[in-house]
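Derivation of every value follows stated rules applied to the coordinates shown; laboratory data play no part. Fair warning: this is a prediction, and the values are worked out from it, not measured in the lab. As a convention, Cβ positions derive from the backbone with ideal geometry for all residues, glycine included, and neighbour counts pool all protein chains shown.
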Amino acid sequence: MSFQALVVRKADDRITQSFETLDDNLLPPGEVTVDVEYSTVNYKDGLCLTGQGGLVRQYPHVPGIDLAGRVVASESAAFQPGDRVILTGWRVGEVRWGGYATRTRADAAQLVHLPAAMTTRQAMAIGTAGLTAMLAIMALEAQGLAPGQGEVLVTGASGGVGSVAVALLDALGYPVAAVTGRPEHGDYLRRLGAKTLIDRSELAETVKRPLEGERWAGCVDAVGGAMLARVLGQMKYGASVAAVGLAGGATLPATVIPFLLRGVNLLGIDSVLQPLDRRRAAWSRLAETLPMALLESMIEEVALADVVPVGEAILKGGVKGRTVVRVA
Ligand code: NDP
C-alpha cells in the first residue's frame, strides 16, 4: 500500500518540496488511520513549507498542521472506519508528519469527530485559524464580553484568523471594527460583517501615551507588536484583548498602565495544546454559529500539488481569508 505526500527536504541548507509516492510503512505512529480529504494553509504552514521559524527539526518532512478526512482503520473504540474526523495542532505538521498527504495516522486522544452539520471541506476552511478565532471569542466571553458593550476590534482582519473572527463576532451580535492594511479588501470585510474599517497605519505607531480614549469592548488580535501595544491603551475599562498572533511582530512595546488604571486584561490564546473538551466545545460552537455561506466566501481552493506558492504568500501577508487544500 502507498500514499502520496508533499515532502519537504533539506540539503546543504536548501529547502525543496516535491510531490512523492511513499510506502505505508512510512506513516507516522498512531491508533487511527485516516484517509485525508482536505487540509489547509495557515501562517505556520507557510513556515513549515519553507523551512523557516525553526519549527521543523527533522527532514524529510510532510507539513500540514490541519487535516480532515475519513477513518479507514482504528485500534481505538472511540473511532470506527467511516467516521469523519478533524485533526489540528498537537504539533502535527511540525514535529510529526501532517495533513499534506493522502493518508496519515493519529492518536485517538487528538482527534475530534466532525460536527454533524459540517463537511470536511468546511472544517478545513475553518482550520486552526478559525478554531483559534472561536477560542479567542470564548475567552473574551468568559471574561465578561457580551453584546451591547460596544465595538469589538479585530486586527489582521483580512487574514485567516481575522476573517473568521469578524464573521463569528457579527453573527454573535457584536459590532465589529476591522483593522486592515489592505483597503482593497474593504468590501470583503464588510460582507463578512465589519461595521467599521480601520486602516492599519492608524495603529502602526508605537505608544506615545499609555492611555488613549476608551474605545473597544474587546479585541481579537492576530498582529501583536506595536499594534497590540496601542490597542491596550484604547480598551474600555475592564475590557479584554485576546492575543492570538504575531503577524506584525513578537515584541510588545507597551506599558503596564492600561492593566493598572483601567483593569484591562490580556488573554493568551493557544490552539496547539488546547485540551480536547475545549476543542470539542469550540468546534460545536463553530458549527452552530459560523454562517457557512460566509465561510464559502472566504475560501480559495487549491490542489495539494499547488500548495507551496500559497505558503510563501501567506508569510508576506498576501493571502486573503482561508485556503482549502484538496487532498483526496
Ligand atoms: P494570515 O497571514 O492569514 O493573517 C495575518 C494578517 O495580519 C494578514 O492577512 C494581514 O491582514 C495582517 N498583517 C500581516 N502582516 C502585518 C504587519 N506587518 N503588520 C500588521 N498587520 C499585518 O495568518 P493567520 O490568520 O493564519 O494567522 C495570524 C497570526 O496568528 C499569525 O501570527 C499566526 O502565527 C497566529 N496564529 C496563532 C495561533 C495560536 O494558537 N495562538 C493559531 C493560528 C494562528 P490585513 O492585510 O487585513 O492587515
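Computed about the Cα centre, the dipole magnitude for the stretch 36-138 is approximately 120 debye when only Lys and Arg (+1) and Asp and Glu (-1) carry charge, each at its Cβ.
Peptide packing: for 13-19, 285-291, the average count of neighbouring Cβ atoms within 10 Å per residue gives the ranking 285-291, 13-19, highest mean first.
A straight line joining the Cα centroids of the stretch 241-267 and the stretch 294-312 runs 31 Å. A convex hull fitted around the alpha carbon atoms of the stretch 129-268 yields 88 Å³ per residue.
Tell me, rounded to the nearest percent, the portion of alpha carbon pairs in the chain spaced more than 35 Å apart. Display every interim value, and only then the final one.
Numbers: 11173 of 53628 pairs.
In whole percent, the long-distance tail amounts to 21.
Annotation for the stretch 94-119 versus the stretch 164-232: alpha-carbon center distance of 32 Å. Ranking Leu192, Leu169, Trp216 by Cα position along the charge dipole of the stretch 129-268, where only Lys, Arg, Asp and Glu carry charges on their C-beta atoms, puts Trp216 farthest toward the positive end.
Remark: for residue pairs Lys195/Lys316; Lys44/Lys320; Lys195/Lys236; Lys10/Lys320; Lys236/Lys320, the C-alpha separation exceeds 22 Å in Lys195/Lys316; Lys10/Lys320; Lys236/Lys320.
Here the peptides 103-109, 88-94, 260-266 are ranked by packing, the mean other Cβ count within 10 Å, and the order with the highest first is 88-94, 103-109, 260-266.
Note on the stretch 129-268: dipole from Cβ charges, positive end direction compared against Val179, Val154, Gln234; the farthest Cα belongs to Gln234.
Rounded to the nearest 20 debye, what is the charge dipole size of the chain about its Cα centre when +1 sits on each Lys and Arg Cβ and -1 on each Asp and Glu Cβ? Before the final figure, lay out each step's value.
On the way: 31 positive and 33 negative charges, 123 e Å.
In total the dipole reaches around 600 debye.
Here's the picture: charge each Lys and Arg Cβ at +1 and each Asp and Glu Cβ at -1 in the chain, and of Ala243, Gly99, Val62 the one pushed furthest to the positive end of that dipole is Ala243. Sorting 26-35, 228-237 by their mean Cβ neighbour count within 10 Å, with the most densely packed peptide first, gives 228-237, 26-35.
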